[in-house]
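Peer 1: Pasting a structure here, questions to come.
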Amino acid sequence: MPAVTLRRVCAVVLASALLAGSGVPALAQEPVEPPSLATAVEALAVASPETSPAGLTTAKVRLPVCQVQDIRTRYYKVKEWKKTLLDTNLKVTRSYRPWDLVSVRRANIASTGQVRKRITKDLRALAAAARKAGKPLAVRSAWRSYDYQRSLFDSYTRRYGYAQALKFSARAGHSEHQLGTTIDFSVGPGVPLSTRFGDSPSGKWLARNGWKYGFIMSYPKNKKRASCYTYEPWHWRYFGRKLAREIHESGQVPRRFLYTHFESAP
Ligand SMILES: [Zn+2]
């Protein structure tokens, strides 16, 4: 097995093992690789300009390296939610809190969490379509506040040390869950997060159909240099159906799409 692949597997296994013994709900994990693995510059062939689905002609831009930084993201207001890019470098502030959080149960899907009201219609349609296809989905984790994410990360730091905590938890302000538009799915209530979800019938159905309902997988397999995170088949961010279709048809990970079209745009 190539060294990088082995280390990726180990990072996930390590995170799972740490969480299993931590007493902290597994739903909070965001397993990531050690920062040292994330610092390679992504080599992109800047060939001829390409035309985006949005009709814009853009050259492929060089994405910033995924580092541990605290730079305020360009679109940091709640009303700019579709354009807001969060990664290991970019963040929103503590005051970022959606004003329209409602129970996920409004979407008729099993969960105890909250999401923004604006996503419930499409989430309900997604859940219904999955059920109809015999591939049921449950919500494992949805909105998280800045303070919750911070206390979570701090608890990991106390228990395992800062460097170790970085490997499997997003720092406060850097989690897409703070947007209120991001969901960790599972096959049923109480089922822990695992990459096995991606191989399950429900996970495969979601991978094929999520975009039709406005949801995009933030961290696809083998895209870590572009997305900053290892494969998380359960973690889906809502963009609305129109933008989700554009991202899906671009074939780009959301981080690259957002960086190219919004974050680094003139
Ligand atoms: Zn997540």
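Peer 1: When a/c reaches 1.5 or more, the comparison of a/b and b/c decides; with that in mind, is the range 145-266 rounded, prolate or oblate per its Cα gyration tensor? Before the final figure, lay out the partial values.
Peer 2: On the way: a/c = 1.87, a/b = 1.28, b/c = 1.46.
In terms of gyration-tensor shape, oblate.
Peer 1: Taking the number of other C-beta atoms within 10 Å as the exposure measure, put Tyr259, Tyr76 in order starting with the fewest.
Peer 2: Starting with the residue having the fewest Cβ neighbours, the order is Tyr76, Tyr259.
Peer 1: If you filter the range 203-235 for trypsin sites (Lys or Arg not before Pro), then keep DSSP loop positions with at most 15 other Cβ within 10 Å, what is left? Mind dumping the intermediate values first?
Peer 2: Working: sites: Lys204, Arg208, Lys212, Lys221, Lys223, Lys224, Arg225; in loops: Lys221, Lys223.
For trypsin sites (Lys or Arg not before Pro) across the range 203-235 that sit outside H, G, I, E and B with at most 15 neighbouring Cβ atoms in 10 Å, the list reads Lys221.
Peer 1: Further, regarding this structure: Order the peptides 93-106, 172-185 from the highest to the lowest mean number of other Cβ atoms within 10 Å of their residues.
Peer 2: Numbers: 93-106: 15.2, 172-185: 25.0.
In descending order of packing, they fall as 172-185, 93-106.
Peer 1: Quick check: net charge around Trp99, other residues with Cβ under 14 Å of its Cβ, Lys/Arg +1 and Asp/Glu -1?
Peer 2: Local charge sum for Trp99: +4.
Peer 1: If Lys and Arg each add +1 and Asp and Glu each add -1, what is the summed charge of the other residues whose beta carbon sits under 11 Å from the beta carbon of Asp70?
Peer 2: Numbers: positive: Arg72, Lys91, Arg171; negative: none.
Computed value for this residue: +3.
Any read-out appearing in this document is the output of simple, stated calculations on the displayed coordinates, not a laboratory observation. As the structure is a prediction and not an experimental result, all values here were calculated from the model. Methodologically, a virtual Cβ is constructed for each residue, glycine included, from the backbone with ideal geometry; neighbour enumeration extends over all protein chains shown.
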